[in-house]
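Here, each number is a calculation from the coordinates, and none is a lab measurement. As the structure is a prediction and not an experimental result, all values here were calculated from the model. Here the Cβ is made from the backbone with ideal geometry for all residues, glycine too, and neighbour counts use every protein chain on show.
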Amino acid sequence: MGAHRRRCDWCNNGTPIVRDMDPVNPDYQYWCEECARALIIKGDAIETYRELEGEPIYGRLLDEHCTLKRFYQFARA
């Protein structure tokens, strides 16, 4: 199933913008913008990720809400 048909694994509502490439729980790999923002604010940001929408939405969220962005990495295809 393509990312455009998926739903956020946490809220099961939003369209995923980011995929956790090294999830602690494989049931939670795809995150919508709202849930991804909540993770960052909580201090539990995704460490290895892949943007799904072609825009660096998650990267911008990290820039806005996380001072330790250097520890996170974008996974290359």
- Extension gain from Asp44 to Arg5, taking 0.36 nm per residue of separation minus the Cα-Cα distance: 11.5 nm
- Message: Below 8 Å, C-alpha to C-alpha, sequence gap of six or more: please give me the relative contact order for region 3-71 in percent.
- Response: 29
- Query: Tally Lys/Arg at +1 and Asp/Glu at -1 over every other residue whose Cβ is under 9 Å from the Cβ of Ile57; what's the total?
  - Reply: -3
- Query: Which distance in nm do the two modelled labels at Tyr28 and Arg60 give, with both placed 7 Å along the Cα-to-Cβ direction?
  - Reply: 2.5
